[in-house]
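Take a look at the structure set out below.
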Amino acid sequence: MMQTTISISDPLAAPVTRSVHLVPLDHINGFDVRPGFYEINGATAMDGGVNFTIYSRSATSVELLLFRPMAKDPYAVIPFPDRYRIGNVYSMIVFGLDIEEFEYAYRVDGPYDPSRGLIFDKTKYLLDPYAKAVTGQSKWAEPNPHGQHYRARVVQDDFDWDDVGRPPRIPMEDLIIYELHVRGFTMDPSSGVAHPGTFAGVMEKLDYLQELGVNAIELMPIFEFDEMLDYRDADGNHLYNYWGYNPVTFFAPNTSYASTLEFNHEGNELKHLVLECKQRGIEVYLDVVFNHTAEGNDKGFFFSFKGLDNNVYYMLTPDGRYQNFSGCGNTLNCNHPIVHQMILDCLRYWVTTYRIDGFRFDLASILGRQEDGTPMKEPPLLRSLAFDPILADVKLIAEAWDAGGLYQVGTFPAWNRWAEWNGRYRDDMRRYLKGDWGMAHAAALRMMGSQDIYDAGVRKNASVNFFTCHDGFTLHDLFSYNQKHNENNGWNNTDGANDNYSWNCGVEGETDDMDILYLRRRMVRNAFALLMCSRGIPMFLAGDEFGNTQYGNNNAYCQDNPISWLDWHQLEQNRAQFQFFQFMIQFRKNHKVLRTNLSNGACGFPDVSFHGITPWKAFFEDHEHYIGVLFAGWERERGDELVYVASNTYWQPLQVELPRLPDNRRWQLILDTWNETLSPAVTTDGRFVIRPRSVMIFLGT
């Protein structure tokens, strides 16, 4: 029997050369085929052909469908012979295929018994769960020409990473995360980019991001999603699945985010963006959605997982109905061994093939539920991700709650590897800033890193601190609206959160009252100053630095229009605010004591101490709208560092006394948010007046 060698690229490993027998081959419907490489999932190009591997526990037969690009019907149907199945895995090499000339899908047959969660339908074309590119999605807001029948394309990965050098690997405490939507970041004509709404458009703004000072960008979902699946008209508004939290598949980038067609090289533009970011010292994180898929519930779509193993991929009730801990119709069965392995393979793929630096997991508490939906103490999936060697340098960030009522901020299974979006930081700090009574102590704890939540000294750098993210008000709107204004979403303003802890400063919405505008700008400065002076990992929403507004919409998930697009004209209109953000980011970078415990303290002061308007007054007994937080530490390069952050959320000025310094040191006022512009530092004698609703920062020099 003749023997030859075949080179095949495993997406999760270096190219390998394997010995296979080519004679005798099977001949099926005009194609030469043979059993494939069972351990390599998906469709993988190789010398002379393509390796196709797919698995299903309950299927009785599987057919490979080959299509000419844009054709409605397959030009070839190749059934997997029974002897090509090992266990539950079907694998076949098809020779003579040119990857540029075909698209592919599957048809899978099996039992139909909805009460057991089995709903096989041989009439459906199924998308490969390991597809690296989805066809028919390259133009935004154009319906998939194949309807709900998604097809895949084989991707040739030939991107050269040789120039990447050493990845940034920024310590957690040094991160400053900037959350952005790829399309909305540059889609408005005011962005001035040549390729609006794309990965290339983001790349054109990297000089700006460096000027601002952020060192990590978190991209809202870029896994392939179909913005037209949720399309509807509401009062003349065209509404889409704009945010992208409705994945079609997990391994393929959204091709409509590329500025050019990348047939069989899908993802190269994203790789160029990641490479350019790394060369500039900026890390790239992906917001990933493993809690549900776009297939929805029993009335939803049927294009992939339902037709392969519905009762494996989804959490079902004993009578076969979909559990809905995601709020989106279905819940991915993450701790089933098959789904567990797929998610691990997926994240490894994005790290090895795209060199992604971190992941933020949407509704991550779902990843800790067992197959019946109950929470697990040590979920196998979360543990695997925490200890996986390929993911060892990757940041793992959990949105530690879900739509089923499970709230795990501070209790998310972590193994000292997971950070969390700290929803309590957002809520407590918002309430404190707007002047709610009794919030000073909670706010002080949030500023010191929420050690009351994250086991002081055990879970360091677990808290991702934020006032704003995509979900909710922008920072401008937080101080311009008391109520959400989501009427344009088409749900009679019933969608979106009601507990925003916002304050309109006296007038709802836009105004030309100069006093109110001044107060609003000051409140924005207060929020960002405290964010940058809090232990933990700061994150803010793109556009907050220049006053971006969504006009009171706190759930703009469907708004592909100026409601969600950044208006870059505001950068010049609010240049002073941008400069304030720059200053505070650099101030945080310059003073490590704000980011981490450097020692047991300095100059006789502990690492962190709280003060009222009188030094060392315990628990803010002398005024419940004032916090003084003193950070003290010693660093080899800078010696003793003392930073005192004073915040007054009262509507009257307060007379404050600073802690007494050693005789050879003086307090120096570095920042006062009462002022619209930055001012030179001035020395104080230890007493000062902090004006209403303002923040002041002092250095012990």
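So the values come out like this:
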| quantity | calculated |
| --- | --- |
| Residues of segment 511-570 classified as charged (D, E, K, R) and under 17 Å from Arg426 (Cα atoms), total | 3 |
| Search result, residues across segment 366-412 that are in a helix (DSSP H, G or I), under 23 Å from Pro318 (Cα atoms) and touching a strand residue (DSSP E or B) at 6+ places or on another chain (Cβ under 8 Å) | Ile366, Leu367, Gly368 |
| Gln323 outside the structural domain of Gln210 (by TED's automatic domain parsing) and farther than 30 Å from Asp207 by Cβ | yes |
| Unmet requirement for Lys299, which otherwise passes all of (1) touching a helix residue (DSSP H, G or I) at 6+ places or on another chain (Cβ under 9 Å); (2) without any contact (Cβ under 8 Å) to a residue 40 or more places away in the chain; (3) surrounded by fewer than 20 Cβ atoms within 10 Å (Cβ to Cβ) | (1) |
| Selection status of Ser365, crowded, with 21+ Cβ neighbours inside 10 Å and either touching a residue at least 40 places away in the same chain (Cβ under 8 Å) or hydroxyl-bearing (Ser, Thr, Tyr) (or both) | yes |
| Selection status of Asn422, within 17 Å of Asp607 (Cα to Cα) and under 18 Å from the mean Cα position of the chain (by Cα) | no |
| Count - residues of segment 571-587 that are among the charged types (D, E, K, R) and buried (at least 20 other Cβ atoms within 10 Å of the Cβ) | 0 |
| Identity of the residue in segment 546-580, in contact with a Lys or Arg (Cβ under 9 Å, 6 or more places away or on another chain) and outside any loop (DSSP other than H, G, I, E, B), that ends up farthest from Asn246 (Cα to Cα) | Ala576 |
| Scope segment 52-103; condition over 29 Å from Pro337 (Cβ atoms) and of a type in the set (Gly, Ala, Ser); matching residues | Ala71, Ala76, Gly96 |
| Residues within segment 255-279 that are over 18 Å from Arg355 (Cβ atoms) and in contact with an Asp or Glu (Cβ under 8 Å, 6 or more places away or on another chain), tallied | 6 |
| Filtered residue count, segment 142-196, keeping only those that are surrounded by 18 or more Cβ atoms within 10 Å (Cβ to Cβ), of a type in the set (Asp, Glu) and not in a loop (DSSP other than H, G, I, E, B) | 1 |
| Single unsatisfied condition, Gly496 versus (1) farther than 24 Å from Val214 by Cβ; (2) surrounded by 19 or more Cβ atoms within 10 Å (Cβ to Cβ); (3) without any contact (Cβ under 8 Å) to a residue 40 or more places away in the chain | (3) |
| Test: residue in segment 554-562 that is free of Cβ contacts under 8 Å to residues at least 24 places away in the same chain and closer than 26 Å to Trp421 by Cα | no |
| Some residue of segment 449-457 being at pLDDT 95 or above and of a type in the set (Phe, Trp, Tyr) | no |
| Criterion violated by Lys306 - all others in (1) without any contact (Cβ under 8 Å) to a residue 40 or more places away in the chain; (2) in contact with a strand residue (DSSP E or B) (Cβ under 9 Å, 6 or more places away or on another chain) satisfied | (1) |
| In segment 261-289, the residues that are over 17 Å from Phe250 (Cα atoms), part of a helix (DSSP H, G or I) and among the basic types (Lys, Arg) | Lys278 |
| Any hit, segment 308-319, residues being outside any loop (DSSP other than H, G, I, E, B) and surrounded by fewer than 19 Cβ atoms within 10 Å (Cβ to Cβ) | no |
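Each row is one residue, and each column tells you yes or no for (1) modelled with pLDDT of 95 or more; (2) out of contact with any helix residue (DSSP H, G or I) (no Cβ under 6 Å at 6 or more places or on another chain).
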position: Glu218; (1), (2): yes, yes
position: Phe225; (1), (2): yes, yes
position: Asp235; (1), (2): no, yes
position: Trp243; (1), (2): yes, yes
position: Asn246; (1), (2): yes, yes
position: Thr249; (1), (2): yes, yes
position: Pro253; (1), (2): yes, no
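To keep it simple, each residue is scored yes or no on (1) in contact with a helix residue (DSSP H, G or I) (Cβ under 8 Å, 6 or more places away or on another chain); (2) under 27 Å from Asp309 (Cα atoms); (3) among the β-branched types (Val, Ile, Thr).
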site: Leu347; (1), (2), (3): yes, yes, no
site: Thr352; (1), (2), (3): no, no, yes
site: Arg355; (1), (2), (3): yes, no, no
site: Gly358; (1), (2), (3): no, no, no
site: Glu371; (1), (2), (3): no, yes, no
site: Pro375; (1), (2), (3): yes, yes, no
site: Pro379; (1), (2), (3): yes, yes, no
site: Ser384; (1), (2), (3): yes, yes, no
site: Asp402; (1), (2), (3): yes, yes, no
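The values are calculated or read from the model by the stated rules, or taken from the named source; none is laboratory data. Quick caveat: nothing in here was measured; it's all calculated off a predicted structure. Positions of Cβ are backbone-derived with ideal geometry, glycine not excepted, and every protein chain shown enters the neighbour counts.
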